[in-house]
Ligand code: ATP
């Protein structure tokens with residue numbers, strides 16, 4: 001079983017900097033787990049510790065039920081794919097694919113078979129005699145994936161494998177990686193700073209900030225119930241609108257500028273009369289109708305049509321907000337006043353001090 005388990009894993013670099021603190025989670029056999037967070041949050045350090053390329057300062061790392069803290073990378077039954085591809089420039093594609101197997105002393109037939117299978121799976125058949133310099137970025141990345149594939153490891157570790165590719169190629173490689181994961185049924189741990197990659201690839205996502213895990217959950221749970229303000233703001237584009245608001249004394253509404261917004265059933269129990277942060281995803285806002293229980297009046301600032309939708313940047317009582325609208329009908333104009341409605345059940349609430357989700 002290729003489970004990967006971390007218990008209280010910590011990384012302190014030689015200069016005393018704590019890059020990862022108290023990381024604990026388990027990756028199930030065959031799971032696709034994504035580590036995501038902004039630059040410097042410690043995601044590569046975490047992956048490199050799992051790979052054995054970085055020592056572990058404290059805590060326990062197990063792969064397949066075996067503690068591997070002190071096991072050399074080559075004995076961990078993992079294969080890693082790097083952002084930089086790390087291909088040998090003087091070798092052909094076939095030689096690059098076969099290299100790891102040769103090192104391990106695999107027989108000629110086995111090497112030929114596994115190389116053929118990987119080339120077939122990744123559409124590299126026609127390129128086996130080329131050198132990396134004669135390949136496009138996407139093809140090179142495929143070879144890098146192929147090199148991991150031929151080793152048939154228990155766990156694949158992927159460190160931003162698509163970030164050197166252009167947006168279109170990235171989108172198509174994303175689908176290929178998903179397909180590959182389904183075919184292989186292997187455990188995969190994937191590092192990215194790209195929230196779209198994280199959301200589309202991950203069966204579960206670990207969100208990191210400043211070396212600390214913020215939340216671990218499925219993509220939709222992270223999106224629908226972010227555990228704190230950081231996660232709320234990190235996932236979703238445009239980002240969730242966040243407002244400092246005042247709860248009414250009985251907690252049945254919050255006051256945002258000149259608007260009073262009803263708070264459904266006890267969401268702010270015990271918080272009457274206090275300040276809280278209210279969050280609302282841009283896609284929840286739409287032109288208000290009489291049926292709307294909650295509405296705010298806004299002044300339109302910037303209108304961004306992006307084809308299948310329109311981003312409306314607007315302002316209410318000095319607070320900026322973004323609405324994501326369908327592209328139908330006449331576009332609102334800058335300076336125009338509009339009423340935007342939403343379902344109050346879609347409001348998120350956070351503690352302004354700790355940033356933690358309320359309720
Ligand atoms: P990026 O997306 O930019 O690669 P990351 O989330 O992968 O970022 P890491 O590379 O894991 O981040 O680095 C985490 C933190 O540890 C950063 O603040 C980095 O400066 C620091 N760091 C990395 N390597 C070392 C080192 N050898 N010595 C000291 N600090 C380091």
Test result for residue 314, outside any strand (DSSP E or B) and more than 25 Å from the chain's Cα centre (by Cα): no
Which of the residues belonging to the stretch 2-24 are part of a loop (DSSP other than H, G, I, E, B), more than 9 Å from the ligand (Cβ to nearest atom) and either on the phi > 0 side of the Ramachandran plot or surrounded by 20 or more Cβ atoms within 10 Å (Cβ to Cβ) (or both)? 2
Flagged pairs (Cβ under 9 angstrom, 6 or more apart or on separate chains; first in the stretch 24-50, under 17 Å from residue 66 (Cα atoms) and without any contact (Cβ under 8 Å) to a residue 24 or more places away in the chain; second away from the ligand (no atom under 16 Å from the Cβ) and part of a loop (DSSP other than H, G, I, E, B)) are 26/3
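Residues checked against (1) in a strand (DSSP E or B); (2) assigned by TED's automatic domain parsing to the domain that holds residue 199; (3) modelled with pLDDT of 95 or more:
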position	(1), (2), (3)
44	no, yes, yes
47	no, yes, yes
59	yes, yes, yes
88	no, yes, no
Of the residues 153, 132, which is at pLDDT 90 or above, in the same structural domain as residue 45 (by TED's automatic domain parsing) and closer than 24 Å to residue 29 by Cα? 153
Among the residues of the stretch 285-294, which ones are surrounded by fewer than 20 Cβ atoms within 10 Å (Cβ to Cβ) and within 32 Å of the chain's Cα centre (by Cα)? 286, 287
Residue count, the stretch 327-340 (criterion: in contact (Cβ under 8 Å) with a residue 40 or more places away in the chain and loosely packed, with under 13 Cβ neighbours inside 10 Å): 1
How many residues of the stretch 243-284 are assigned to a loop (DSSP other than H, G, I, E, B), in contact with a strand residue (DSSP E or B) (Cβ under 8 Å, 6 or more places away or on another chain) and surrounded by 12 or more Cβ atoms within 10 Å (Cβ to Cβ)? The answer is 10
Looking at 93, 71, 27, can you tell me which residue is closer than 25 Å to residue 214 by Cβ, assigned by TED's automatic domain parsing to the domain that holds residue 174 and away from the ligand (no atom under 16 Å from the Cβ)? 27
Residue among 42, 100, 138, 37 that alone is touching a strand residue (DSSP E or B) at 6+ places or on another chain (Cβ under 9 Å), under 25 Å from residue 163 (Cβ atoms) and away from the ligand (no atom under 16 Å from the Cβ): 100
Out of everything in the stretch 58-68 that is closer than 24 Å to residue 151 by Cα and buried (at least 17 other Cβ atoms within 10 Å of the Cβ), what residue ends up being nearest to the ligand (Cβ to nearest atom)? 61
Could you count how many residues in the stretch 48-57 are farther than 15 Å from residue 154 by Cα and either away from the ligand (no atom under 16 Å from the Cβ) or within 22 Å of the chain's Cα centre (by Cα) (or both)? 2
Filter result for the condition that a residue is assigned by TED's automatic domain parsing to the domain that holds residue 45 and at pLDDT below 95, over 205, 177, 216, 189: 177
Scan the stretch 179-209 for residues that are touching a residue at least 24 places away in the same chain (Cβ under 8 Å) and farther than 23 Å from residue 64 by Cβ and jot them down. 192, 193, 194, 195, 196, 197, 198, 199, 200, 207, 208, 209
Could you list, in sequence order, all residues of the stretch 1-34 that are touching a strand residue (DSSP E or B) at 6+ places or on another chain (Cβ under 7 Å) and at pLDDT below 95? 2
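The values are calculated or read from the model by the stated rules, or taken from the named source; none is laboratory data. Everything numeric in this text was worked out from a predicted model, so none of it was measured. No Cβ is skipped: glycine too gets one built from the backbone with ideal geometry, and neighbour counts run over all protein chains shown.
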